[in-house]
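Q: Sending over a structure as structure tokens; questions will come in a sec.
The values are calculated or read from the model by the stated rules, or taken from the named source; none is laboratory data. Please read all numbers here as calculations on a predicted model, not as lab measurements. In this analysis, Cβ positions are derived from the backbone assuming ideal geometry, glycine residues included, and neighbour counts consider all displayed protein chains. Just so you know, the surface numbers come from the protein's heavy atoms only, side chains and all, with ligands and any DNA or RNA stripped out. Shrake-Rupley method; radii C 1.70, N 1.55, O 1.52, S 1.80 Å.
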Amino acid sequence: MAPTHTFHPLPSSQADNGAAITKLFQDGGPGTTVLLLQSTLYNLCTPINFCHVNTTLSTVGYPTFDTGKQAILETRGERESQAVNMINLSGTALKRVHIRGCRGWGRTKPESKEEEDRLRREGKLGWVEGGGALVLMGGQQSSDSLVEGCRLEDPRGWTACHVVDWSTRPKVLDNLVGPCGQEASGGPWADGLSVAGKDSVISGNVIFDATDGVDDFPFDRDFSNTRVVGNTIRTEGAYIRLGIGCGMSCWSPYRPDHRHNYGGHVLHNYFGPGRMGYGIGMSAAKDFTVLGNVVVPGTTFAGDLGRNSWNIPPSAFVTEWADRRRTQGCILQDDFIEGEVSWLIGVESGLGDKLTYEGGQLSLDFGGNSASGEGGIRVKGARWEVGKKGELLMRRDKKGTGKIGSGKVIWSSGASHGGAEGKNPVLKFPKDGRVTVEADDGTIFWDPTAYIQPYLDTLAGLPPLKEEPKKDDSDETKDEKDHPSVDFRAEAPFLTIRSPQGHIVYATSYEYPRGQWQLNGG
């Protein structure tokens, strides 16, 4: 009969509880269970290694985290980021244990040796260069491993929990993951859950204050029975770049050799409250089902696209343009919007100088709600919103935290003469490229490009000035379309609308440089 041990912490604070627990697993053989005392701290200088199949580590009585009775494991090794290693073993389980990585630092190292020593005395040991996961599970020889009901926080490496490639049927259930720290300048990121197992079940987890919520990595790209269901991803002061990413082009710039992840179900997850870049991203994905996911009140999607300016602006649910063929055969909920989706995790936490939306990506109501959540359209130093009188407004918002209706008006499209009170005006920018502010009954309050159609009508009978060049039939991008766009800035020109060919059709201001025979938006 497999042994069950109740393990008391070693008496010396310098003793290695990790090595002692590992020896219990090693000597006990398959099926060994090690129970830790409730509300008791165990310092680890080395990881706890599960040495055999069907072994379990848990707190006595299996208490939930909210009782405050879970045993606590802290990584204390000078160069150690890992607390628990379950890799390449089937039937292993980690249940109802609180694990602290003790990272404790922000984005930069302490400014002095004295400051670093003080932080270390407080138990804030910093990140480990090249450090791995706080909890490591999965692997090619692993099946049916489980992490359930644990609190995982402050990893010193790049993620709290890594389900390593080629494992089968792993489960990560009902855990509280976070805070995970901030991306270190020149150091590791701090992800929540990073999953590469076949037929995985990731359900009921709450993930907060991580760089990413749930990553996916390849099992020969087959995610047919992987389910990411009922998780909550939120922030409490930190910034999450991407909640859930489906497809490898979410994690790196798109390349033609990117293969599609296929299958997989992302269902009934909750995003927010808090601030993040993107909720769910789809790129290099095929035959996924993504339904029933919800953005909760108090959530904003924002960020600086300085490193990847080609991307769709931060939004809740985004998928690659259909004509790019990078997202194929997926069943998606109705509030997904199309755009360029490549290296979404390159978004930074601040606000950029400009946001560029393409046709079909923008609808902003007078309450400040859009696909970017609450708070209007935000760029560095300013906020765009729709006034109740049907006008489009830009207000000064130096900190990027102002409420709708607050702040000095810098630019306005002008109030409607017909009156918009009670008509719920909305800024719309559909795929046809026409920017308007409209009421819910169809009344148009502002249409800056209304002049174009009468002008085109007068030219309808004239021959074209020149023929458009024909695309080579062998060109792989021949079916890709260009899209109209609108730029929002905090400095002039505040608003610029462009045709699919990139021609300016409206701007809030222009310059006419002396000696040049052209108009430039300026």
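Q: The chain: D in µm²/s via Stokes-Einstein (Kirkwood Rh, Cα pairs, 20 °C, 1.002 mPa s)?
A: The calculation lands on 85 µm²/s.
Q: Tell me whether segment 254-383 comes out rounded, prolate or oblate; compute the Cα gyration tensor, take square roots of the eigenvalues as a ≥ b ≥ c, and use a/c under 1.5 as the rounded threshold.
A: Oblate, because a/c is 1.5 or more while a/b does not exceed b/c.
Q: Let me know the shape class of segment 211-297, please: from the alpha-carbon gyration tensor, a ≥ b ≥ c as square roots of the eigenvalues, rounded when a/c is under 1.5, otherwise prolate if a/b is greater than b/c, or oblate.
A: Cα axes put segment 211-297 in the oblate bin.
Q: Another one. Going by average Cβ density within 10 Å per residue, which order do the peptides 324-334, 161-171 take, highest to lowest?
A: Those peptides, ordered most packed to least, come out 161-171, 324-334.
Q: Here's another thing I want to ask about it. Leaving out ligands and nucleic acids, and using a 1.4 Å probe, what accessible area per residue does the chain come to in Å²?
A: Normalised by residue count, the accessible surface of the chain is 44 Å².
Q: Starting with the highest mean, order 361-369, 25-33 by the number of other Cβ atoms within 10 Å, averaged over the residues of each peptide.
A: Per-residue mean Cβ counts within 10 Å order the peptides as 361-369, 25-33.
Q: Going toward the positive end of the dipole of the chain, with +1 on Lys and Arg Cβ and -1 on Asp and Glu Cβ, which of I48, S200, N424 do you reach last?
A: I48
Q: Give me the percent relative contact order of the chain, please, defined on Cα pairs under 8 angstrom at least 6 residues apart.
A: 7 percent
Q: Here's a follow-up. Over the Cα atoms of segment 258-312, each weighted equally, I'd like the Debye log10 I(q)/I(0) at q = 0.21, 0.29, 0.31 Å⁻¹, rounded to two decimals.
A: These q points yield log10 I(q)/I(0) values of -0.94, -1.08, -1.13.
Q: K95: which lysines have alpha carbons under 17 Å from its alpha carbon, excluding same-chain residues fewer than 8 sequence positions away?
A: K69, K171
Q: Per-residue counts of other Cβ atoms within 10 Å, averaged by peptide: what ranking do you get for 370-380, 483-493, highest first?
A: My ranking of the peptides, most packed first, is 370-380, 483-493.
Q: Moving on to the next point. In debye, nearest 20: dipole of the chain around its Cα centre with unit charges on the Cβ of K, R (+) and D, E (-)?
A: With only Lys, Arg, Asp and Glu charged at Cβ, the dipole is about 1120 debye.
Q: Now a separate question. So how much accessible area does D335 have, in Å² to the nearest 10, using a 1.4 Å probe?
A: 80 Å²
Q: Name the residue farthest towards the positive end of the dipole of the chain from the options A285, H8, S342, assuming +1 on Cβ of Lys and Arg, -1 on Cβ of Asp and Glu, about the Cα centre.
A: With unit charges placed on the Cβ atoms, the residue in question is H8.
Q: Distance between the C-alpha centers of segment 38-96 and segment 221-249? Whole Å please.
A: Measuring centre to centre over Cα atoms gives 24 Å.
Q: Which cross-chain or sequence-distant (5 or more) residues have an amide H under 5 Å from the amide H of I410, H modelled 1.01 Å from N in plane?
A: For I410, the qualifying residues are M394, R395, R396.
Q: Probe radius 1.4 Å, ligands and nucleic acids ignored: give me the carbon and sulfur share of the accessible area of segment 266-405 as a rounded percent.
A: 52 percent
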